[in-house]
Structure formats: C-alpha cells, structure tokens
Amino acid sequence: MSDMGDDTVPLLTARDLTKTHGRSRALSGASAELAAGEILAVTGPSGSGKSTLLHCLAGIVHPDEGAVTYAGERLDELSEKRLSELRRTEFGVVFQFGQLIPELTAVDNVALPLLLAGASRTDARAEAGEWLERFGVRGQAELRPGEMSGGQAQRVALARALVTGPRVVFADEPTGALDSLAGEQVMTALVRTARECATAVLLITHDAQVAAYADREIRLADGTVATAGVAA
Ligand code: ADP
Ligand code: MG
C-alpha cells in the first residue's frame, strides 16, 4: 500500500469490470481510475468497450463483475435512488449528439438541471445565461437546438452538463459529429471550464487530436485496457 496524500487518491475507480450484453462481451477485466480534476482520454477502436466503461463509471450501467468506487462509495452496490441522486448532483454527461431537448431554447435547456435542483425560474435562467456566455453561445440563448450549428448545440450541451457544478463530466465522443474547427472550439471550451472548476473529465474519443487535450490516455482493446500513458 503506498503512502499517497488525499490529493492523489483517485476520485473514481473501476476495477476488473466485466459486462456482457447477450452474447457480446463488452468489458472483460477493464480497470481505470480518474483523479479529481483530471482529464482522462479513453481511446480505442469501435466496439472495444469505451461507452460501456463510461456507463459503468457513471453509474448508468451495473457491471456483471468488478467494482466501481466513487469518493469511497461502491457505485455498483448503491440503490437506484442514491445512484440517481449522485448522477444529478455529482456527475454531468454529454454524448455525441448533445441530446438537448428539441422543444426548449438553449437557455431553457441549460436552466433545466437547476430547476430540477429547486432553483426559481428567474435564477435558473440567469445562471444558464452566464453559462452560455462562458461557452460562447449566449447569442443563441433563445434558439432551439434545430436552429443552431452542431458545434453550438454541443457547447450548449456542455453548459447543461456543467451548470450544476459536477465533480465529474462524462463525455462520450463529444466532437464525433463535428468538423475539426467546431470540434476544437468544443474541446477548448470544455478543457478551459474543467480547469477553472476543477472538474474531472472522462473523455471518450477516437480522434488523436482530441485525446491530446487530456492529461493522460488509456486505450481499450477487446474490453480491456491495452495501453495507458500520458497523452501525446
Ligand atoms: P465502443 O464505445 O468502444 O464502440 P461499446 O462499449 O459501445 O464500445 O460496445 C462494446 C461491445 O458491446 C460491442 O461489441 C457492442 O456491440 C456491444 N454492446 C454494447 N452495448 C450493447 C447493448 N446495449 N446491447 C448489445 N450489445 C452491446
Ligand atoms: Mg461508444
């Protein structure tokens, strides 16, 4: 056992995870850890288990075997009630296609998690506006997702993921549907905000340029970690 200070104790740990979907084995002994404030890239070919690992770490999917620990709590053993509370208060998620609510304007999409947490509509919309500003999309505040570019919609999705001050953001191919300029804008905004707020980020990507924004990279192959190291 090493004698590490509290700062180096991982915030989130997956140990020896296995997960099978029907006859398809998504994870076979995958382990990973994420320190507080760390940006970790997860790369690997399509089908290597990246999304399944993210879902297990975020408490969205229960692994068949292995342990997921978040700040000392075993996520794989928690009740659904406690898990959903953790997901709401401690975690933010953003996917390849932002999954914004199409009927709501940008500002109302970002205000929604605050409303769910009990904020008044006025306060929630004011704070959402500040987060849109932070991500360079305040000018789009009253537009619906279908009225924006893909890059703008992803920056709104990031604002929504970060507005509640989560300790971890899970991003599954957040630039996967964007051209390289829009992808750079999304990554720059994500990394800057994560640094400012000391938010840890688990970043899935198949793009080496995107992975280079991370502090560290792990590469999956066939449901397990093939290589780990400092991102290029
Ligand atoms: P990646 O994100 O690296 O592309 P995934 O974690 O999505 O990999 O998938 C890993 C493997 O598990 C793939 O073979 C995939 O087809 C399978 N898989 C993932 N999710 C499901 C599911 N819900 N049902 C059936 N098979 C799945
Ligand atoms: Mg995937």
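The values are calculated or read from the model by the stated rules, or taken from the named source; none is laboratory data. These figures come from a predicted structure and were not determined experimentally. Note: ideal-geometry Cβ built from the backbone for every residue, glycine included; neighbour counts use all protein chains shown. With ligands, DNA and RNA removed, areas are computed over all heavy atoms of the protein, side chains included. Shrake-Rupley method; radii C 1.70, N 1.55, O 1.52, S 1.80 Å.
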**Q.** Spread of Cα-to-Cα distances over 10 Å intervals beginning at zero, given as percent, for region 52-151
**A.** 14, 37, 28, 19, 2
Q) Taking a spot 7 Å from the Cα of ARG15 along the direction of its beta carbon, which residues of region 25-42 have an amide N less than 15 Å from it? A) 29-34
Q: Just need log10 I(q)/I(0) for region 12-225 at q = 0.16, 0.17 Å⁻¹, Debye formula, equal scatterers on the alpha-carbon atoms, no solvent, rounded to two decimals.
A: -1.05, -1.17
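Which percent of the accessible heavy-atom area of the chain goes to carbon and sulfur, probe 1.4 angstrom?
Details: 5550 of 11040 Å².
Accessible surface attributable to carbon and sulfur in the chain totals 50 percent.
Note the full-extension length gain between LEU115 and GLU133 as 0.36 nm times their separation in residues minus their Cα-Cα distance, in nm to one decimal.
On the way: separation 18, 0.36 × 18 = 6.48 nm, distance 1.91 nm.
Extra length from LEU115 to GLU133 when fully extended: 4.6 nm.
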Q. SER24 to ALA126: FRET efficiency via 1/(1 + (r/R0)^6), r the Cβ-Cβ distance, R0 45 Å, to the nearest 0.05?
A. 0.45
Q: Compute the accessible area per residue over region 12-225, keeping the other protein chains in place, probe 1.4 Å, unit Å².
A: 44 Å²
